[in-house]
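So the structure is just underneath, and the comments pick up after that.
The values are calculated or read from the model by the stated rules, or taken from the named source; none is laboratory data. Given the structure is predicted, the values throughout are model-derived calculations rather than measurements. With ideal geometry, Cβ positions are generated from the backbone for all residues, glycine too; neighbour counts draw on all protein chains shown.
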């Protein structure tokens, strides 16, 4: 062990052998650190292969002995480096193809490992095919026939479930009943716009995933249709993909039957990659481009975010490098791209049209429905897992934002990015130049759109707004909005975004809105005219219009239509500023900030009840929908729990009532868990809060998930406890502190029972860490909703304080749900709150012991439990000795 100061000095003097340079630099307080990073070498040698980015994770991935004490990890790095480098000479190395050419390019980029790699690699006897010619091509196929109208009988559902579980597996009645209830969503529809909806709550441990996979896979096979499995988190998408192997154990069959779908921005764009490899990226970004090309040859589907591209690779080279290789600005030229036939996105889209199961996310399902895409018509059967998030997902999808960042995005789509890298032009004119050249009217509309787009905010808008010197009508409006927000806010916590209701609007805002509306109309008109010309060309089908050009025009027309609708919606929003409020919507002004730094200014509109448009666009066209979760129902005392569920899932807006089903968890929470409410840690006492976390983590010996309701408090606590805990042998990681993506943080936490992890909302939902790696959950304060303009309006509309309780209990239930993931798990949930209302304690599973204690007593209970869990024969948390009793 060396001190941080000594480590900084040594790193400055000599290039070091490192494991995750980004994290090392962060821990030493440095912006970056040079050296040879083993993770970069691993990404070259084993592209698209999973590895937890720790010494233990690397050892597991390479088949090496896990290093013991912390001091042994340093020596292990040399062993791991030797194993990786020796692999390059192994004749059986499965990822050899393409390595030599990429290594030569990396040498020219002066990659740190290049010398060691190139001297071990032999030039292939025959020239290898380039990446862009090795990738498989997708083929068009006839549309899939309409699914048959069938019902799936209970007996067949039972048999399919038994097959998925495998021979000799435990047959649980609760899981069987759940699967039968889920089958209601796969019955033929009895009337138009009235799907068969099943609302099904399955407590943790029931086996919910296989429970609905059974009727879904059965219906897909028998009816010849596609089932969309929609989740809220990428973590559950990965889990679903893994579980689907039970339904399709043969790898080739699974590739044909199961497709994972995400938004376009998640996938590698091959044209962007080609630009980057030819000089569009320089420095470290150029090295990343070569490693990304190495990965692309072996990737399953080109998914860069949550797929088989290691999450830590983006951390090592920066998020901007990853973003630069994906399609984030709608710049795709579709059939005009030389890589169109090998495009990962197009391959995934076409594969999903013929798949049995499409594993997607709530946002993609909703956006497809709203935009009327062809595949929306194929979403006749949908399973919404993590259904308790449907309200929030719909809220985001159907919201409207007229903000600086949105305007800059639109300007970039039309004019191309302000600071374009070397490579192809990316403006709308360049994307349509070869086809619009044949149409004079279209060319004029395109030119007019380019001129009008210059009125939109450009780079540097933030400084101009702050200094009171806006450029153009839109920036003038946003400057006036910013002035009103700063004039109206009072008493808001430093660092949070600032908000103001759209009420008693300042004359300067109304006046600026008139000019902004005129500028938006001047842009909308030529975009709509251009769309009309493209549609006319498609209808006329001139001789020069070949199949690729037709596909590109059709996609361009759809993009223009979408942005025309956006501009029209912005116009309606601006017209509202000087008039009466629409009771269906909530409007407000906001200055969005992170740690006090402003990053956006705008006008926002959300539906008061976002499940109304969700029900209309998504539920009504479907034939069957299953909405499921472990915490689907409200637990508020005195409330109609199912009625609250129907309101928050959109089921209440449908013509036919849903089928309701609930089955409790089979886990013995009374024996295996407990809730301790610590009453003597004062709110606002940061030193006391940090001390509480440190004592509890030490008592548990790590294995702690710490949840926070504010990023600022998370960072303050982490700063106080990270060094002493790490020195004591209890490594601690944190969201918003460590430069690691959330999925990788959870992987690290899951792999090391000594580690602890601090985080916020993303760790409260959907994290699955069974076993000893998670034995203590500590939650900082009650997770009350923040008092935003949006929440205040919904609180008033949906029951006042009862609405607050509904939201808060849902968060408590999800947080507690991280603790017990399988029957032999046991652990403690600690809530640091001096005044927790008793009415909210029903958020925890029935029978769970709940006690109010002081911090010292809580620490003693946690330590006592650890001692007995570590002993042979795990003792449940409800045991008298584990409770600290005699």
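Please indicate, with yes or no, whether at least one residue in region 647-654 is outside the structural domain of residue 503 (by TED's automatic domain parsing), in a loop (DSSP other than H, G, I, E, B) and surrounded by fewer than 17 Cβ atoms within 10 Å (Cβ to Cβ). Steps first, please.
If we filter region 647-654 for residues that are outside the structural domain of residue 503 (by TED's automatic domain parsing), which is where we start, we get 647-654.
Now drop any that are not in a loop (DSSP other than H, G, I, E, B), which leaves 650, 654.
Still in the running and surrounded by fewer than 17 Cβ atoms within 10 Å (Cβ to Cβ): none.
Looking for residues that are outside the structural domain of residue 503 (by TED's automatic domain parsing), in a loop (DSSP other than H, G, I, E, B) and surrounded by fewer than 17 Cβ atoms within 10 Å (Cβ to Cβ), one finds none in region 647-654, hence no.
If the condition is being surrounded by fewer than 22 Cβ atoms within 10 Å (Cβ to Cβ), over 20 Å from the mean Cα position of the chain (by Cα) and part of a helix (DSSP H, G or I), then region 224-248 contributes 245, 246.
Considering region 294-359, the qualifying helices (runs of 4 or more DSSP H), each wholly inside and each with 3 or more residues that are touching a strand residue (DSSP E or B) at 6+ places or on another chain (Cβ under 8 Å), run over 344-353.
Yes/no per residue for (1) more than 24 Å from the chain's Cα centre (by Cα); (2) surrounded by fewer than 24 Cβ atoms within 10 Å (Cβ to Cβ); (3) assigned to a helix (DSSP H, G or I):
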position	(1), (2), (3)
176	yes, yes, yes
180	yes, yes, yes
185	yes, no, yes
189	yes, yes, no
197	yes, no, no
204	no, yes, no
209	no, yes, yes
214	yes, no, yes
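When 809, 779 are screened for being surrounded by 18 or more Cβ atoms within 10 Å (Cβ to Cβ), assigned by TED's automatic domain parsing to the domain that holds residue 717, part of a helix (DSSP H, G or I) and within 25 Å of the chain's Cα centre (by Cα), only 809 passes. Would you call residue 219 within 24 Å of residue 143 (Cβ to Cβ) and part of a helix (DSSP H, G or I)? So residue 219 fits the description; yes. Inspect all residues belonging to region 58-75 and state whether any of them is at pLDDT 85 or above, within 22 Å of residue 107 (Cα to Cα), touching a helix residue (DSSP H, G or I) at 6+ places or on another chain (Cβ under 6 Å) and assigned by TED's automatic domain parsing to the domain that holds residue 116. No, there is no match, as no residue in region 58-75 is at pLDDT 85 or above, within 22 Å of residue 107 (Cα to Cα), touching a helix residue (DSSP H, G or I) at 6+ places or on another chain (Cβ under 6 Å) and assigned by TED's automatic domain parsing to the domain that holds residue 116.
Taken over region 724-740, the residue count meeting the criterion of being modelled with pLDDT under 90 and surrounded by 22 or more Cβ atoms within 10 Å (Cβ to Cβ) is 1.
Taking region 76-89, which residues are in contact with a helix residue (DSSP H, G or I) (Cβ under 7 Å, 6 or more places away or on another chain), touching a residue at least 40 places away in the same chain (Cβ under 8 Å) and in a helix (DSSP H, G or I)?
Across region 76-89, the qualifying residues are 77, 80, 81, 84, 85, 87.
Does residue 281 fit the bill of being at pLDDT 90 or above and on the phi < 0 side of the Ramachandran plot? It would help to see each step written out before you state the result.
Details: at pLDDT 90 or above: no; on the phi < 0 side of the Ramachandran plot: yes.
For residue 281, the condition - at pLDDT 90 or above and on the phi < 0 side of the Ramachandran plot - is not met.
Screening region 529-555 for residues that are surrounded by fewer than 10 Cβ atoms within 10 Å (Cβ to Cβ) and modelled with pLDDT of 80 or more and picking the one that is farthest from the chain's Cα centre (by Cα) gives 540.
This table checks each residue for (1) buried (at least 17 other Cβ atoms within 10 Å of the Cβ); (2) touching a helix residue (DSSP H, G or I) at 6+ places or on another chain (Cβ under 7 Å); (3) modelled with pLDDT under 95.
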{"site": "664", "(1), (2), (3)": "no, no, yes"}
{"site": "670", "(1), (2), (3)": "no, no, yes"}
{"site": "675", "(1), (2), (3)": "yes, no, no"}
{"site": "685", "(1), (2), (3)": "no, no, yes"}
{"site": "705", "(1), (2), (3)": "yes, yes, no"}
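Exactly one residue out of 754, 775, 727 is in contact (Cβ under 8 Å) with a residue 24 or more places away in the chain and touching a helix residue (DSSP H, G or I) at 6+ places or on another chain (Cβ under 8 Å): that is 775. Restricted to region 50-63, and to residues there that are surrounded by 15 or more Cβ atoms within 10 Å (Cβ to Cβ) and in a loop (DSSP other than H, G, I, E, B), the residue that is farthest from the chain's Cα centre (by Cα) is 54.
Scanning region 746-770 for residues that are more than 13 Å from the chain's Cα centre (by Cα), closer than 22 Å to residue 719 by Cα and modelled with pLDDT under 90 yields one hit, 764.
Taken as a whole, the structure leaves residue 167 outside the set of residues that are over 29 Å from residue 846 (Cα atoms), in contact with a helix residue (DSSP H, G or I) (Cβ under 6 Å, 6 or more places away or on another chain) and either touching a residue at least 12 places away in the same chain (Cβ under 8 Å) or surrounded by fewer than 24 Cβ atoms within 10 Å (Cβ to Cβ) (or both).
The set of residues from region 451-475 being in a helix (DSSP H, G or I), under 34 Å from the mean Cα position of the chain (by Cα) and touching a residue at least 24 places away in the same chain (Cβ under 8 Å) comprises 453, 461, 462, 465, 466, 474, 475. Residues in region 40-49 that are closer than 18 Å to residue 748 by Cα and either outside the structural domain of residue 286 (by TED's automatic domain parsing) or not in a loop (DSSP other than H, G, I, E, B) (or both): 40, 42, 43. When you look at residue 720, is it free of Cβ contacts under 8 Å to residues at least 60 places away in the same chain and either surrounded by fewer than 20 Cβ atoms within 10 Å (Cβ to Cβ) or closer than 23 Å to residue 312 by Cβ (or both), yes or no? Taking the combined requirement at face value, the residue satisfies it. When residue 145 is tested against the conditions (1) loosely packed, with under 11 Cβ neighbours inside 10 Å; (2) in a helix (DSSP H, G or I), the lone failure is (2).
Per the conditions (1) closer than 19 Å to residue 183 by Cα; (2) over 24 Å from the mean Cα position of the chain (by Cα), the sole criterion not satisfied by residue 640 is (1). Does at least one position in region 112-128 carry a residue that is within 35 Å of the chain's Cα centre (by Cα), in a loop (DSSP other than H, G, I, E, B) and not assigned by TED's automatic domain parsing to the domain that holds residue 207? Yes, some residue in region 112-128 is within 35 Å of the chain's Cα centre (by Cα), in a loop (DSSP other than H, G, I, E, B) and not assigned by TED's automatic domain parsing to the domain that holds residue 207.
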